[in-house]
Amino acid sequence: MTELLQELKDLDVAGKDIKTLYTEISALCMKYIAPKKREGRRAYYLSIEYLMGRMFHNNLLELGVLEEAEKILSAKGVNVAGFEEIEDAALGNGGLGRLAACFLDSAAGCAYPLDGYGIRYKYGLFKQKFVNGEQVESADDWLTWGDPWSVKREKEKRVVHFADMDVTAVPYDMPIVGKSVNTLRLFDAEGSEQAKKICDYLYPADDTEEGKLLRIRQEYFLSAAAIGELVEKYAQKHGRNFNKFSEYHSIQLNDTHAVMSVAEFIRLLTKEYGITFSRALEFAKHTFNYTNHTILPEALECWNYALMEKILPDIAAVFKTIQVYATREWKAKGCTQEEIAAMSVLHGNCLSMANAAVYVGEKVNGVAAIHSELVKRNLFPVAYKYYPDKFQNVTNGITQRRWLMLCNRELSALLDKKLTPAWREDMARLETLDTGDTAEFIAVKEIKKKQLADYVLRHDGVKLLDGAIVYAQVKRLHEYKRQLMTAFAILRIYYDLKEGKLPDFRPSVFLFGAKAASGYFRAKGIIKYLNEIARLVNNDEQTNKLLQVVFVQNYNVSYAEKIVAGTDVSLQVSTAGFEASGTGNMKFMLNGAVTCGTMDGANIEIVEHAGKENNYIFGASVEEIERLKDTYDPNAILDSTPELKRVADTLVDGTFSDGGKGYFKELYDSLTVGAHWHKPDHYFIFRDLPEYVDALIKVNRDYGDTAFAKKQMENTAHAAFFSSDRAIADYARKIWHIEKA
Ligand SMILES: *Cc1c(COP(=O)(O)O)cnc(C)c1O
């Protein structure tokens, strides 16, 4: 790397803007990054999303030159902070896409042979701003910054066939740098205008038939491009005998979006290589694995058979034949008709991608211990009965390189000093941190809070309260994540403050960041509501030195890096049983925030590792929620608890206005009346709200003591388990059976 640094020293920077420097420096680095493919078994990650964030600093860090490069550039008069303007590569919505990015980082970081396949969307997740407190979306034209970290592989393009058109899949390879250099291969679509549309946008709205067709096209495009390549390369080497395919390949399906790759694999082997269906199916069963990410029924993909048949007749036919083989297998096992129906790939008109993945997948995993139990018990109970060994758990993780070394260099330096830099590769060493010694940790937290405040001021024009406790809830906007419950909790605190009921309350900032899916009316209503609460609370002279609410715009990976480092209290308050894992919770933990949350997803394991006494856990457990389901009556709670009724009523009593859009009435009705598809308050906000308010106030009381800082440090000290280095090692051992280089 001394050569690279020398080249940086020689770089002529005069008169060049940040974009030009970004392009030139990235190109310099790329000369020193060479993917080396080892022979032998590899794993492949197929994901429709990759939420990579900014690659610039990450790659410099992985190359081991970040600090030195910044020194060299600063000495030349370059304002290195300018590189923070580089657009994120936001080819994903949230946790699922960020997980894919963390896994690639850790696989390269630990020298596991894992490559990724995905789609090179022209526009990433929309950009968000607020106008009048409402979300306004615009296209995320991330490529205006160029894509210096990718190499187009024109020669390796291949044609993907649909019944009504051919599309050319052109690979762009992004090196993933670590101890080894792996590849994320993203396919762009070339061809007719219609063909190019496939890669225009991440997740087109699929509420119309046209939207659904486009979605099917995206999923098949990714599947066919990736599988076509793997099968062809194998055949070039091993000929037409596919006996050994599964010895060399383990393919991980990140959720069900690429399940069509199973059908494509069987189609190719039977049509092009003369292999019988039953043999091809057997090979598939030893190659593919499936990760489930949600038990929300509305998120389990079902494609209409006729719709798929229209553009992909061969693929639809393969799924139908899989159903025939599966039914034969299930009858031989003695399954009842109901059991067969529950496991069916094709059921009536519906092609269940999840059932196909469970039937064919060698292993099926959930993403946190509790979630994996629910996957077995509630989602696929019949498959679990007949194939218990398929089902695994791999608790998610996050990469400490981006989520500590990069976003919190100050804490990293402190850990270096206390533990030696060995912790960077061996996170278990964090366990030896002396958490009784809090002074320097507190000083680092203060620096990160100041930096966060500066960033919020620059990006959102809001000055955070000086010296306040920072509580943060940042994640996709969804009812099950219960940002609305936090809104109610804040209002409760606000009214209590006004009535003098919280005499020793310490200044507190509630920070939100979230995008609402563009067709999700209630989610948009919650954003508007929180922004209205912010306006009320922040303008009230009586309380605004004590309580502040800030909803930042365009929450993304780069914003997350600032927020996780500068937060004291991580709000993770999903209804128990609904958050599969969460990974935001882990980022906060690693950076020394306490969790104020429910016993859901990975929160359960977080408190197992960091201690319940070092976090603020409240609310109904999974079991209690299951018991409550039939008898729960939110209106009875509201009628008997005037403090709760008062805050809920602000949705409809004129306290706030939604500008006549009907957002707030819709939210109110969802809680008190329900809808034809759900009972009132089906995420049990009013069950957990009183305990939530108590927990927030308890945090507020505890804050400021060294005992509180010790709790924060205990979280950092026990975060090793939540490194994606550990998660990827679990996949390598339990599922992929691959070895480190
Ligand atoms: C980590 C991350 C997420 C996932 O957050 P959860 O709290 O686990 O839902 C979503 N978006 C971004 C930008 C992230 O960095």
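Values in this text are rule-based calculations from the coordinates and carry no lab data. Model, not experiment: these values are computed from the prediction. Every residue, glycine as well, gets a Cβ built from its backbone with ideal geometry; the counts of neighbours run over all protein chains shown.
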Summed over the other residues with a beta carbon less than 13 angstrom from that of Arg38, with K and R at +1 and D and E at -1, the charge totals +3
Rounded to the nearest 0.05, FRET efficiency between Lys71 and Glu440 (Cβ-Cβ, R0 25 Å) equals 0.60
Whole-percent tail of the Cα-Cα distance distribution for the chain, cut at 32 Å, equals 54
So for R0 = 25 Å, FRET eff. of Lys31-Lys196 from the Cβ-Cβ r, to 0.05, ends up at 0.20
Sparse-neighbourhood loop hits (trypsin sites (Lys or Arg not before Pro), segment 419-527; DSSP loop; Cβ within 10 Å at most 14 others) -> Lys463, Lys501
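Assuming R0 = 25 Å, what is the FRET efficiency of Tyr248 and Lys155, from their Cβ-Cβ distance, to the nearest 0.05? Kindly include the intermediate steps, with their values, before the conclusion.
Numbers: r = 23 Å, r/R0 = 0.90.
The value I calculate is 0.65.
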Val324 and Asn79 label points (each 7 Å along its Cα→Cβ direction) are spaced in nm at 6.8
Computed over the chain, the relative contact order (Cα-Cα under 8 Å, seq sep at least six) in percent reads 13
If each part is reduced to its alpha-carbon centroid, segment 702-735 and segment 155-188 end up apart, in Å, by 35
Helix-only [θ] at 222 nm, the chain, -39500 (n - 2.57) per DSSP H run of 4+, per residue, nearest 500, equals -13500 deg cm²/dmol
Cα-based Rg/(2.2 N^0.38 Å) for segment 629-680, rounded to two decimals, is 1.20
Simple SL model, points at 7 angstrom along Cα→Cβ for Arg506 and Ala14; separation in nm is 5.4
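On alpha-carbon atoms, Rg over Rh for segment 207-394 using Kirkwood Rh? Intermediate values should be presented prior to the final figure.
Values: Rg = 16.0 Å, Rh = 16.8 Å.
For segment 207-394, the value is 0.95.
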Per DSSP loop assignment and a cutoff of at most 16 other beta carbons within 10 Å, the chain keeps its longest run without exposed GluC sites (Glu not before Pro) at 40-424
Full extension between Arg733 and Thr655 adds, at 0.36 nm per residue less the Cα distance, a length in nm of 22.5 nm
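Quick one: plug the Kirkwood hydrodynamic radius of segment 547-671 (C-alpha pairs) into Stokes-Einstein at 20 °C, 1.002 mPa s, and report D in µm²/s. If you can, show how the numbers build up before the last one.
Numbers: Rh = 17.1 Å.
In µm²/s, the coefficient is 125.
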Full extension between Leu628 and Thr168 adds, at 0.36 nm per residue less the Cα distance, a length in nm of 160.4 nm
The alpha-carbon center of segment 433-506 and that of segment 521-574 are separated, in whole Å, by 9
Spelling it out for Thr399: with amide H atoms placed in the peptide plane at 1.01 Å from N, the residues 5 or more places away or on another chain with amide H under 5 Å from its amide H are Ser724
Simple spin-label estimate for Ala741/Thr336, 7 Å along Cα→Cβ, in nm, reads 5.4
Note to self: C-alpha centroids of segment 400-417 and segment 203-262 sit apart, in Å, by 38
Taking Cα atoms only, Rg over Rh for segment 94-135 with Rh from the Kirkwood formula is 1.20
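Per the Kirkwood treatment, what hydrodynamic radius in Å, one decimal, follows for segment 325-371 from the mean inverse distance over all distinct Cα pairs? It would help to have the intermediate numbers written out before the result.
Numbers: mean 1/r = 0.0848 Å⁻¹.
So the Kirkwood estimate lands at 11.8 Å.
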Amide H proximity to Phe551 below 5 Å, modelled H, separation 5+ or other chain, gives Phe512
Taking placed amide H atoms and a strict 5 Å upper bound, the residues 5 or more places from Tyr45 or on another chain that come that close are Asp115, Gly116, Tyr117, Gln252
Note: segment 406-447, point scatterers on Cα, Debye, no solvent; log10 I/I(0) at q = 0.29, 0.30 Å⁻¹ equals -1.12, -1.16
In nanometres, the difference between 0.36 nm per residue of separation and the alpha-carbon distance of Arg279 and Arg38 is 84.0 nm
The relative contact order of segment 207-394, taking Cα pairs under 8 Å that sit 6 or more residues apart, comes to a percentage of 22
